[in-house]
Amino acid sequence: MKASLFLLSSIVSLVSAVSVPRTTEKVDYTGFKALRVTLPESSSELEAQIEELAIHVLNPGVAEHLDVVVSPDQVDAITALVSDTTVLVEDVGAAIAEEGELVSSDDEMSVQAVPQESWFTAYHPYADHLTFLRDLQAGFTSQSEIITTGTSVQGRVLTGIHIWGSGGKGSKPAVIIHGTVHAREWITTMTTEYLAWQLLTKYGSDATIKAMVDKFDYYIIPIVNPDGFAYTQTGDRLWRKNRQTVSSSTCLGRDINRNWPFQWSTAGGASTSPCSETYKGLAAGDAPENLGLRTQVDQLRAGRGIALYLDVHSYGQYILWPFGYSCSAVVDTNAAYRSLATRAAAAIRAVSGTAYTFGPSCSTLYATTGSSVDHIDQVGDAKFALTIELRDKGTYGFVLPANQIQPTVRETWAGFVSMVQDA
Ligand SMILES: [Zn+2]
C-alpha cells in the first residue's frame, strides 16, 4: 500500500462508520441468462409472473419489453409463458468476467498525484473512487474543494467535488451532476468522474473548457448511492437500490430515484412493493441518500440557482427531460429542452456514431414518479434537468466491458459540452 498515512487515515475516517452487511456471499451468475421478453398489450399479470421468476429486472418500467436475468432452471418456465423471447446475454457470469477485474489504486495510480487518463481504462473498488476525488482535488486546490452532502443508510458520506473558475468559489449558477444512483450502473461512475477530470485538468490548456468552468460552478457527485455501489462489488453485481430495510418485509432497498418528493404519491411510476426494483419507500424522501441530495439542491437553488442538472444512468442511450410522472403534462420549457437535447445527441453522434433517442421522460421511455429530474426542474427551479442513459442498448447492459469506458466517456463529454454551452 503506497498511500501516505495522511491519506489512509482520511479514507479510514470516511468508511469507519460502515457496518458489515449481514450477508457477504457473492451472487454467482455463471450460466444465468439475460432475456428480452416482448409482452402483449395490457399484460400486467403476466409481467408480475415473469418478475417473480426472474432474479433481476434490468429495465423496470418499460412497457413493451422486459429485460430480465434468470437462473438456468427458470428459462423454460419463462419461455412457456411468453413465446416472444430473445436471449440478450447467453451467460451473465461470463459477461461480468469480460467486464474486467477491479483495478485498485495500488496498481494503477501514484497516490497524491493528479489521476492519469489510464484511470478510465478499468473499473475500480469503492474506496479508490474516494481516493480519485481527493487526488484530483489536491492537484487544483485554488479552484476546487471536496464536498459532502449527507450520509447513506450504512454511514457512508456522499462525497463529491465542487469546481469553480475565474469568478471565484460560488459566484456562478450551479451545474449539478449525480452518478451511480442505481448501484449497478458502473459506467456512470467513470463518466461522472471523467467530466470532473476534464474540467480541472484541461482548464489551463483548452479555451472551450476554460469558458465552461468560468461560466458555472460545478457540483459533481460520482456515487450518490455508495452502499448500493459497494454491495455490487461484494455481493450482487446487479443490485440497483440503496440498502435500506423496511420492517414489513425481508426485502431490502429503496429506489432513490423514485423517492424525490415531487409527485411521489402519484400512482403508476414506481412500486409500493419493497421487493420491487423500483420501490418508492414508505414516505416521500425517506431515503437518507435522498435527503442528502435534496439538501444540496435546496442550498444551490437558494444561492445562485441551478442552471443545469444531469442525472447519469445506464443503459439504453437516451436523453430525457421532464415529465416522468405524466405522459400528457408538458413542461413549459419543453421547446428549449428539445433544442438542447437535439444538439447534445448530435455532438455525441459526431464523436463515434453512437445514436441517442431523446424526448420527455414518460412518453419516450416510461413513467417515473419521484424522479430527480421532475423534482429538480419543478422544486429546484433548474433551468434544465436531464437524465442521460449511457451505453449500450442491452448487449452488455450494466456490465459494459472495460474497453468501452473510454469511448463512452469521450462521446458523453462531447454531449455535456454542448449542454453546458446551451444552458
Ligand atoms: Zn438508472
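The values are calculated or read from the model by the stated rules, or taken from the named source; none is laboratory data. As the structure is a prediction and not an experimental result, all values here were calculated from the model. Glycine gets a Cβ as well: all are built from the backbone with ideal geometry, and neighbour counts include every protein chain shown. Accessible surface areas use protein heavy atoms only, side chains included; no ligands, DNA or RNA. Shrake-Rupley method; radii C 1.70, N 1.55, O 1.52, S 1.80 Å.
Overview of values
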{"quantity": "Any chance residue 163 is touching a residue at least 24 places away in the same chain (Cβ under 8 Å) and either polar (S, T, N, Q) or within 16 Å of the ligand (Cβ to nearest atom) (or both)", "calculated": "no"}
{"quantity": "Close pairs from the range 306-321: first on the phi > 0 side of the Ramachandran plot, partner in a strand (DSSP E or B) and within 14 Å of the ligand (Cβ to nearest atom), Cβ under 8 Å, at least 6 apart", "calculated": "316/389; 317/389; 317/390"}
{"quantity": "Test for residue 267: is it open to solvent by 20 Å² or more (accessible area, probe 1.4 Å), within 26 Å of residue 219 (Cβ to Cβ) and part of a loop (DSSP other than H, G, I, E, B)", "calculated": "no"}
{"quantity": "Count - residues of the range 87-98 that are in contact (Cβ under 8 Å) with a residue 24 or more places away in the chain and open to solvent by 70 Å² or more (accessible area, probe 1.4 Å)", "calculated": "3"}
{"quantity": "Residue among 292, 253 that is among the small types (Gly, Ala, Ser), surrounded by fewer than 24 Cβ atoms within 10 Å (Cβ to Cβ) and either in contact (Cβ under 8 Å) with a residue 24 or more places away in the chain or closer than 21 Å to residue 50 by Cα (or both)", "calculated": "292"}
{"quantity": "Residue in the range 271-287 that is assigned by TED's automatic domain parsing to the domain that holds residue 371, within 16 Å of the ligand (Cβ to nearest atom), touching a Cys at 6+ places or on another chain (Cβ under 6 Å) and not in a helix (DSSP H, G or I) present", "calculated": "no"}
{"quantity": "Filtered residue count, the range 348-401, keeping only those that are open to solvent by less than 20 Å² (accessible area, probe 1.4 Å), away from the ligand (no atom under 16 Å from the Cβ) and not in a loop (DSSP other than H, G, I, E, B)", "calculated": "4"}
{"quantity": "Residue that is most open to solvent (accessible area, probe 1.4 Å), among those in the range 168-196 that are touching a residue at least 12 places away in the same chain (Cβ under 8 Å) and on the phi > 0 side of the Ramachandran plot", "calculated": "170"}
{"quantity": "Residue check, residue 69 touching a strand residue (DSSP E or B) at 6+ places or on another chain (Cβ under 7 Å) and open to solvent by 30 Å² or more (accessible area, probe 1.4 Å)", "calculated": "no"}
